[in-house]
1. Taking the conditions exactly as written (closer than 18 Å to D219 by Cα and part of a helix (DSSP H, G or I)), does A104 satisfy them or not?
2. Out of I194, I187, report the one residue that is surrounded by fewer than 12 Cβ atoms within 10 Å (Cβ to Cβ) and of a type in the set (A, V, I, L, M).
3. Do you know which residues across the stretch 384-402 are in a helix (DSSP H, G or I) and without any contact (Cβ under 8 Å) to a residue 40 or more places away in the chain?
4. Where residues in the stretch 339-352 are buried (at least 23 other Cβ atoms within 10 Å of the Cβ) and modelled with pLDDT of 90 or more, which of them is farthest from G419 (Cα to Cα)?
5. Select, from Q92, Q87, Q80, the only residue that is modelled with pLDDT of 85 or more and more than 30 Å from R199 (Cα to Cα).
6. Identify all residues within the stretch 426-445 that are in a loop (DSSP other than H, G, I, E, B) and more than 13 Å from W379 (Cβ to Cβ); write none if there are none.
7. How many residues are surrounded by 16 or more Cβ atoms within 10 Å (Cβ to Cβ) and modelled with pLDDT of 85 or more when one looks only at the stretch 383-405?
8. Yes or no: the stretch 233-241 includes at least one residue that is of a type in the set (D, E, K, R) and loosely packed, with under 12 Cβ neighbours inside 10 Å.
Amino acid sequence: MGLECLQPISNPPASSMPDLSTVTTGTGPNSPGSRSLSRWNLIAAGVFLLALPLMGAPAWLVAIVAVAAIVLMARRYNDQREDLIDQIHQTQGESKREVALWRADLKSLESQSRLGASALLQLIDGVVVLSTDLSILLINPSAINLLGMKAKESLPGRRFDEMVRNPPMVKLIRAAINERHAQESVIEFQFGKIVRPLRVRADVINDEDSFKVQLSLRDETEARQIEGMRREFVANVSHELKTPLAAIKGYAETVELAAADDPDMAIHFMNQIVTQCHRLERLISDMMQLARAQSGKALMKLSSVPMRDIVAESVRTYEPVAIASGLTLTWHEIDGPAKVLADPEAALTICNNLIGNAIRYTPRGGRIDVSLQPGHGHWTLIVQDTGVGIPEQDQTKIFERFYRASRNAEMTNSSTGLGLAIVKNLTASLDGHVSVQSAPGKGSTFRVELPAVEFKARPLPIVETATSPVQVNV
């Protein structure tokens, strides 16, 4: 719906424009001054011609003088006529220039009016202009949507307080009118079962001959969600930091008391302190990585990255962890670098987090397979495990910060809850896509697609090792 009360400015019809071809002045041949001049010339010529016979002049002389007088009068009249025509042409030229300037100004005004109307139509915020009796003078589509009005209704001229049944909003508008001062507040606006918070601002508009109120409306739903996420994040960080700090404090106090009596117990608690310090270190590191990931491409150094080398390095890093956990780790190497457009550090972080996550949630004796597959314009990193799996209701939430799926409480103790959130944000910053397929008790498969620089590859055969439960081919 457009701005119903904005009417386009158009040029006036030709019939309303003055006809400059008929413009006359007060000095034309038929003007009073011109007629008076001709009259006196005729009288003077007549008196002279009548006086000649009385003076005894011959007839031929009278005739010559009469003809001469007529010729002189004709020339004089013709000169005056030409002067008047020149004046008329000059006046017409000046008038045409003025009309041209007027039309140019009118065209500029029309263009500005259309631009303003277009801007109002495209505004995300709602705008309503009201008279002092709350009649709607102007309303844009965003306001119609935010206030739940019907777009097909003719709204200008209707009473705002009759169209919008929201006493706090009407009270705010009346306060602006009575106090002649801007008013602002966040007002809950209900649509059926949905409650939408609107930031409403009523500004006073003082025209030369009238007084109006401009109502600005902004949906605060997203801002509230962001604020809620911020508060939750701060609460989660505080909790995650408090837990290891409390443990460190308790172990340190125990060591202080038991160091002299039981050295072995003191060493045990010292080891626990070191473990909790490592946990703090991982949390801080993950938080820094998440902040970097959420900054988008601003901190990214994009280049042609060989994903085969990145994945191989990540697998080598987690090989000892997999062995210690009694897991079989298999890297399905490819014949080719599998180059992607990415930040090398970001790509390595994605691999590390996915493989580390698979190891963390796969019970002893399980298997983890890591591979790369070419696609149409992209490479896909696949990390598949035979772990505990993810319930369906958790699969859309596991990429949120500090969210831990209800998989196995014993396996989540070493997790900061930030790994998959980092994967999601880094992948998005690299113009990629991450997805998961899982079911409880059937393991999980994570896929990360990254834009390819070149994507031709041939899988190599897997080399099995008999001396280790881990199968790594690099």
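The values are calculated or read from the model by the stated rules, or taken from the named source; none is laboratory data. What you see is a predicted model, and the numbers here were worked out from it, not measured in a lab. Here the Cβ positions follow ideal geometry from the backbone for every residue, glycine too, while neighbour counts run over all protein chains shown.
1. Here the answer is no, as A104 does not meet what is asked.
2. Values: I187 fails: surrounded by fewer than 12 Cβ atoms within 10 Å (Cβ to Cβ).
None of the other options fit; the residue is I194.
3. Here is the first cut: in the stretch 384-402, the residues in a helix (DSSP H, G or I) are 392-394.
Matches in the stretch 384-402: Q393, D394.
4. V340
5. Checking each option against the conditions leaves just Q87.
6. Hits for the stretch 426-445 are A439, P440, G441, K442, G443.
7. Count: 8.
8. So the first thing to find is which residues in the stretch 233-241 are of a type in the set (D, E, K, R), and the list is 240.
Those still in the list that are loosely packed, with under 12 Cβ neighbours inside 10 Å too: none.
Scanning the stretch 233-241, I find no residue that is of a type in the set (D, E, K, R) and loosely packed, with under 12 Cβ neighbours inside 10 Å, so the answer is no.
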